[in-house]
Each structure stands twice: as C-alpha cells, then as structure tokens.
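Computed from the coordinates by the stated procedures, all read-outs in this text should not be read as laboratory data. Quick caveat: nothing in here was measured; it's all calculated off a predicted structure. Note that we place each Cβ from the backbone using ideal geometry, even for glycine, and neighbour counts take in every protein chain shown.
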Amino acid sequence: MAAQAPIKAIVFDKDGTLFDFQATWGAWSLGLLRDEARGDPDRLRALSDAIGYDIENRVFRADSIVIASTTDLVADRILAHLPGETKSALMARMDARAATAPQVEAAPLRPLLAELRGRGLRLGIATNDTEAPARAHLAAAGVEEMFDFIAGYDSGHGGKPAPGQLVAFAEAVAVDPAHCAMVGDSLHDLHAARAAGMVAVAVLTGIAGHADLAADADVVLASIAELPDWLDGRA
C-alpha cells in the first residue's frame, strides 16, 4: 500500500464540526426568527421555510441553506420577507445574536486541541460564518488562542466551497496543502478540501449523514474526538 502523506496541519469548519450543529443552533434559531417576524405568524412561517427550519421540532431540515452557506446568503433569504429592511441592519442583528449563542462542543475541545498541538500540528478555522462571531464562540469555549489561523467568509479569502480560506491557512502556517487536512460536516467543506489539495475528513456532528458525505471524503468520522486515532492509523 502506498505511503500516506503525513498530516502536519488541520483546518476545521466550526458549526457542525467543533460544535454540534443541531444542539447549538436548533432551538436557539427560533428566537431569531420570532424576533424578525415581529409577531406575524405568517411571516414566521415564511422565514422558517426560506431557510429550511422546522418550527415544530426546532431543528434545521437536511436541505437547509444554513448548513453550509455564508451568513450573507442566509441574510438574503431572510431579507426577501422583510420589506423595507436593509441588509446591513439585518446582518448586524444576526451577528450580534450569533455571538452570544451558547455553543455545544462536539467533543471536549481544550483537551483535544491540546493533544493535537502536542503532536506538533498547526491548527486553523475556516468557517462560512462571519469572523467576529466565530472568534466570540471560540473565546467562549476557551480555545481561540489554540488556533494559528481563523477566517470567516468576510476575512478576505472568500467562503467555501471555494478553496481560498484553506489556501490562506496553508500559506499562513507554511505547510504544503498535501500535508493538511480539512475537517468538516458538509459537502462545501469537502469540496473546498479537494479544490485546495487537502485531505478531506468528514464528521457526522452536523446534519448530513454518512451516505451524504462518504463519496467526497477520504474518511468519515463520528466526530472530531476520533481524530487522534485516525492520525495514529495513518502513521
């Protein structure tokens, strides 16, 4: 069997990867939608449908635009149902709310990240969220300083599935993309990994299932907790 390139750096998606997607955003998002609906039940339903949200069960549907799209695109969907509202004002409210959302870790982050850094790995974040809320979430979890690179879609490198964030990460940590892994929960993450020339690692702590991700991934893990064993298996 051909030798596998050693992994020297890992760039992570945030929502659905470091943090469990439904546990973090499922029930919380209803508050955002209710605020924007301003007491109008028909508008609440329209907003929910626009972004693929199941009001009754307080979860996102598997086809939801929120799963992998940028905040900018999600705002466009919402804005279509808010006549007279400006996009800048809407996004400011969305970012402010998102920054305070309680994050549910997909696995205990500090010990896991400490172990990965202890192996000499460089670590980064590439999210389709905006950078400021992403940093707030990482800081609240006590792990912001453990990353060598943090980029949102608004950080100047574009958003996934384009590879700009991943290429910028590899350049920032001076590691060839062939020795980098991208870990994410959506096809956007995996397609970005392929485009950047990185190893594509899928996790199942988002909404997509194994069957949705396997064809585009080099490996599918239950969660980021399995990364150390996966790395050991490559050695």
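What GluC sites (Glu not before Pro) does the stretch 74-126 have in DSSP loop regions with at most 15 other beta carbons within 10 Å?
For GluC sites (Glu not before Pro) across the stretch 74-126 that sit outside H, G, I, E and B with at most 15 neighbouring Cβ atoms in 10 Å, the list reads Glu85.
For a test of the definition: using alpha carbon positions, the gyration tensor, and the 1.5 limit on a/c, classify the stretch 25-99 as rounded, prolate or oblate.
rounded
Taking the number of other C-beta atoms within 10 Å as the exposure measure, put Met94, Met146, Met198, Met182 in order starting with the fewest.
Met146, Met94, Met198, Met182
Which shape class applies to the stretch 174-235: rounded if a/c is under 1.5, otherwise prolate when a/b exceeds b/c and oblate if not, where a ≥ b ≥ c are the square roots of the Cα gyration tensor eigenvalues?
Note, shape of the stretch 174-235 comes out oblate.
How much length is gained if the chain between Thr100 and Ala172 is pulled fully straight, taking 0.36 nm per residue apart and subtracting their Cα-Cα distance, in nm to one decimal?
23.1 nm
With a Förster radius of 35 Å, plug the Cβ-Cβ distance of Arg38 and Ala162 into 1/(1 + (r/R0)^6) and report the FRET value to the nearest 0.05.
Computed FRET efficiency for Arg38 and Ala162 comes out at 0.50.
Using modelled backbone amide H atoms (1.01 Å from N, in-plane), which distant-in-sequence or interchain residues come within less than 5 Å of Phe19's amide H?
Here Ala106 satisfy the definition.
Could you name the aspartates and glutamates in cross-link range of Lys14, using Cα to Cα under 14 Å and dropping any fewer than eight places away on the same chain?
Cα-Cα hits under 14 Å: Glu105, Asp129, Glu131, Glu144, Asp185, Asp189.
How about the stretch 78-144: which trypsin sites (Lys or Arg not before Pro) there are in a DSSP loop, with at most 15 other Cβ atoms within 10 Å of their Cβ?
Arg119
Quick one: which residues, 5+ away or cross-chain, put their amide H under 5 Å from the amide H of Phe60? H built at 1.01 Å from N.
Correct list: Asp54.
Starting from the stretch 1-86, pick out the trypsin sites (Lys or Arg not before Pro) whose DSSP state is loop and whose Cβ has at most 13 other Cβ atoms within 10 Å.
The qualifying sites are Arg38.
How much net charge surrounds Met146 when only the other residues with a Cβ under 15 Å from the Cβ of Met146 are counted, with Lys and Arg +1 and Asp and Glu -1?
Within the 15 Å Cβ shell, the charges total +1.
Specify the residue with the greatest mean-square fluctuation among Ala222, Ala136, Ala211, computed from a Gaussian network of the chain linking alpha-carbon atoms under 10 Å apart.
Maximum among the listed residues: Ala211.
Using 0.36 nm times the number of residues separating Asp63 and Glu145, minus their current alpha carbon distance, what extension gain do you get?
The span from Asp63 to Glu145 would gain 26.2 nm if fully extended.
Within the set of other residues whose C-beta is less than 15 Å from the C-beta of Ala114, count the net charge using Lys and Arg as +1 and Asp and Glu as -1.
Overall, the nearby charge balance is -1.
Step through the residues of the stretch 96-108 one at a time and calculate ³J(HN,Hα) from phi using the Karplus curve (6.51 cos²θ - 1.76 cosθ + 1.60, θ = phi - 60°), rounding each to whole Hz and writing x for Gly and Pro.
5, 5, 4, 5, 9, 5, x, 8, 9, 5, 5, 7, x
Please give me the summed charge of the neighbours of Ala75: other residues whose Cβ is under 11 Å from its Cβ, Lys and Arg +1, Asp and Glu -1.
Local charge sum for Ala75: -2.
Just from its helices, what would the mean residue ellipticity at 222 nm be for the chain, if runs of 4 or more DSSP H residues each count -39500 (n - 2.57) and the sum is divided by every residue, rounded to the nearest 500 deg cm²/dmol?
Roughly -13000 deg cm²/dmol at 222 nm, from the helical runs in the chain.
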